[in-house]
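Here, each number is a calculation from the coordinates, and none is a lab measurement. Keep in mind that this is a model prediction, so the values were computed, not measured. Note that we place each Cβ from the backbone using ideal geometry, even for glycine, and neighbour counts take in every protein chain shown.
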Amino acid sequence: MRVVSLVPSLTEAVAVSAPGVLVGATDWCTHPDGLDVTRIGGTKNPGLDRITALAPDLVVANEEENRAADLDALRAAGVEVLLTEVRDVPAAFRELARVLDACGGRTRPRWLDEAEDAWSSPPGPPRRVTAVVPVWRRPWMVLGRDTFAGDVLARLGVDHLYAGHADRYPRVPLDELRAAAPDVVVLPDEPYRFTAGDGPEAFDPLPCALVSGRHLTWYGPSLAEAPRVLSGALRAALR
């Protein structure tokens with residue numbers, strides 16, 4: 001089996017669960033550490049010639065991460081594409097099982113069972129809280145409706161204030177975000193890399209939780225530790 005992954009979280013899942021199967025991945029696929037496969041470009045601009053040259057049996061992709069035109073071009077070249085759709089935590093588990101089965105996984109990986117256990121009764125703040133969740137700056141963009149990260153936070157007791165917005169990632173002026181007066185501002189380190197010196201100052205004096213984007217937005221082995229890691233960051237910000 002020869003697999004190319006166009007999704008960082010799926011790259012990690014396949015690499016640790018079916019060693020030797022993965023032959024290509026994007027430049028943004030940073031996990032697991034030391035991943036030694038052919039790099040085929042970005043998630044939005046993959047090198048289609050590089051992918052087909054690898055003669056993959058399967059390309060795994062995601063409807064949000066990857067462009068339909070690129071996937072159509074791969075199919076036209078005779079490459080089989082498995083397209084995932086993940087908008088909440090249960091869907092992540094279903095799609096991960098489907099991907100690993102398609103990649104020839106012989107047994108269900110232990111981390112997947114551990115992840116489902118971790119999300120069966122996740123920890124969270126002592127009370128439900130409200131949040132805004134910027135994902136980009138210049139312009140400011142936040143989580144809106146129907147997102148995986150939004151569902152992750154909701155299961156941890158965090159209701160983000162733009163969950164009912166018409167757009168999935170709306171542009172919202174900073175003044176409006178501040179005026180919304182959330183209990184906490186959640187700042188992930190991807191896709192925009194918010195840091196202690198780049199992000200919290202815009203919302204002062206609102207409390208800010210700097211969180212790992214891998215734990216907030218990835219669906220893979222990180223799901224097993226995400227409830228603990230994210231809850232710890234939220235609790236620290238709300239003290």
At 222 nm, what helix-only mean residue ellipticity would the chain give, in deg cm²/dmol to the nearest 500, using -39500 (n - 2.57) for each DSSP H run of four or more?
-9500 deg cm²/dmol
With a Förster radius of 25 Å, plug the Cβ-Cβ distance of R168 and R106 into 1/(1 + (r/R0)^6) and report the FRET value to the nearest 0.05.
0.10
Dipole magnitude of the chain about its Cα centre, charges +1 at Lys/Arg Cβ and -1 at Asp/Glu Cβ only, in debye to the nearest 20?
240
Which entry in (i) 59, 37, 34; (ii) 54, 36, 31; (iii) 50, 41, 35 is this structure's computed Cα extents along the principal axes in Å?
(ii)
Below 8 Å, C-alpha to C-alpha, sequence gap of six or more: please give me the relative contact order for the chain in percent.
17
12 Å beta-carbon shell around D198, net charge (K/R +1, D/E -1):
+1
Using a simple spin-label model with points 7 Å from Cα along the Cα→Cβ vector, what separation in nm is obtained for W136 and A180?
1.6
Net +/- balance of residues flanking R137 in space, Cβ distance below 10 Å, scoring K and R +1, D and E -1:
+1
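How much net charge surrounds E12 when only other residues with a Cβ under 13 Å from its Cβ are counted (Lys, Arg +1; Asp, Glu -1)? Intermediate results must be reported in sequence, preceding the final value.
Details: positive: R214; negative: D33, E225.
That sum, taken over residues with Cβ under 13 Å, equals -1.
Can you list which of the DSSP-assigned H helices in the chain have a Cα extent of 15 Å or more along the long axis and an average Kyte-Doolittle score of at least 0.5?
Span-like helices in the chain: 89-102, 226-238.
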Note the full-extension length gain between D189 and T30 as 0.36 nm times their separation in residues minus their Cα-Cα distance, in nm to one decimal.
55.9 nm
Going highest first, how would you order 49-55, 217-223 by mean Cβ packing within 10 Å?
217-223, 49-55
